[in-house]
1. When you go through Phe129, Phe147, Phe170, Phe110 one by one, which is the residue that is closer than 19 Å to Val7 by Cβ, of a type in the set (A, V, I, L, M, F, W, C) and in contact with a strand residue (DSSP E or B) (Cβ under 9 Å, 6 or more places away or on another chain)?
2. How many residues, within segment 162-188, are within 30 Å of Glu80 (Cβ to Cβ) and aromatic (Phe, Trp, Tyr)?
3. Does Ala96 fit the bill of being surrounded by fewer than 16 Cβ atoms within 10 Å (Cβ to Cβ), modelled with pLDDT of 90 or more and in a helix (DSSP H, G or I)?
4. Looking at Thr113, is it within 22 Å of Pro37 (Cα to Cα), under 15 Å from the mean Cα position of the chain (by Cα) and open to solvent by less than 70 Å² (accessible area, probe 1.4 Å)?
5. Which one of these is farther than 21 Å from Gln186 by Cβ, of a type in the set (A, V, I, L, M, F, W, C), touching a residue at least 40 places away in the same chain (Cβ under 8 Å) and open to solvent by less than 20 Å² (accessible area, probe 1.4 Å): Val14, Val59, Val49?
6. Among (1) farther than 19 Å from Tyr101 by Cβ; (2) assigned to a loop (DSSP other than H, G, I, E, B); (3) of a type in the set (A, V, I, L, M); (4) touching a strand residue (DSSP E or B) at 6+ places or on another chain (Cβ under 6 Å), there is one condition Val38 misses while meeting the rest; what is its number?
7. Regarding segment 21-42, can at least one residue be identified that is at pLDDT 90 or above, small (Gly, Ala, Ser) and within 20 Å of Tyr122 (Cβ to Cβ)?
8. Scan segment 124-145 and tell me whether some residue there is surrounded by fewer than 19 Cβ atoms within 10 Å (Cβ to Cβ), among the small types (Gly, Ala, Ser) and free of Cβ contacts under 8 Å to residues at least 12 places away in the same chain.
Amino acid sequence: MAQLKSVAFKEGEVPQAREPLAVQEPLPEGSGRSFPPVSVPACQTLIDVRNGEASFAHVFQHFNWKENIMGGGSTLASYEDGRAEQRFAELKRALATCRHYEGEGYVGPFEATVTTQASPEYGEEAVTFREIVPMGPENGGDRNEQFVVVRTGNTIATFSELSIGKDLFFPPEVITRQVERLRNAQRP
């Protein structure tokens, strides 16, 4: 986790984000709130990979954007040799079939629709998708979260951008910089 923390962004490195840019480790197993698996197993796989589940180590970083109060985040996950490729293949298979699922979150039950988008050119492999949860016009529109998931060597980085009633995107230049740091950290 120390190596992942060292390549995460530090104060002042992301001008469009409000400070502080703290890096967080996952809560110890069993200490956080848990939710039942979602209704579609392929969609649970998608959620697990984007959250860094089954990784050797992972850290989170939240971004409170100056232009979007909802914010975004990143998960940097490190895997043992070959395991990142395997997990990314599982993610791609899940994206081929996961279109809709039901689950339970902090505010109760929800239904989500998953839509894939054009794959960006980051790292060795990358996918982009959105998860949309209907919230109704009385709540400002649908909860719309974009995910860009990138594999670079033995790491998988997930970038998410949350918005309500809009299609916002995680800043591409921030993704490029983070992926480059992950690549450089793995070079001998």
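The values are calculated or read from the model by the stated rules, or taken from the named source; none is laboratory data. Keep in mind it's a predicted model, so treat the numbers as computed, not measured. When we count neighbours, we look across all protein chains shown, and the Cβ atoms used for this are built from the backbone with ideal geometry, even at glycine. Side chains included, ligands, DNA and RNA excluded: accessible areas come from the protein's heavy atoms. Shrake-Rupley method; radii C 1.70, N 1.55, O 1.52, S 1.80 Å.
1. Numbers: Phe129 fails: closer than 19 Å to Val7 by Cβ; Phe147 fails: closer than 19 Å to Val7 by Cβ; Phe110 fails: closer than 19 Å to Val7 by Cβ.
Just one listed residue meets the conditions, Phe170.
2. Here the count works out to 1.
3. When the stated conditions are applied, Ala96 passes them.
4. No; evaluated as a whole, the condition is false for this residue.
5. Working: Val59 fails: farther than 21 Å from Gln186 by Cβ; Val49 fails: farther than 21 Å from Gln186 by Cβ.
It is Val14.
6. (1)
7. Within segment 21-42 (the criterion being at pLDDT 90 or above, small (Gly, Ala, Ser) and within 20 Å of Tyr122 (Cβ to Cβ)), the answer is no, since none of the residues qualifies.
8. Yes, some residue in segment 124-145 is surrounded by fewer than 19 Cβ atoms within 10 Å (Cβ to Cβ), among the small types (Gly, Ala, Ser) and free of Cβ contacts under 8 Å to residues at least 12 places away in the same chain.
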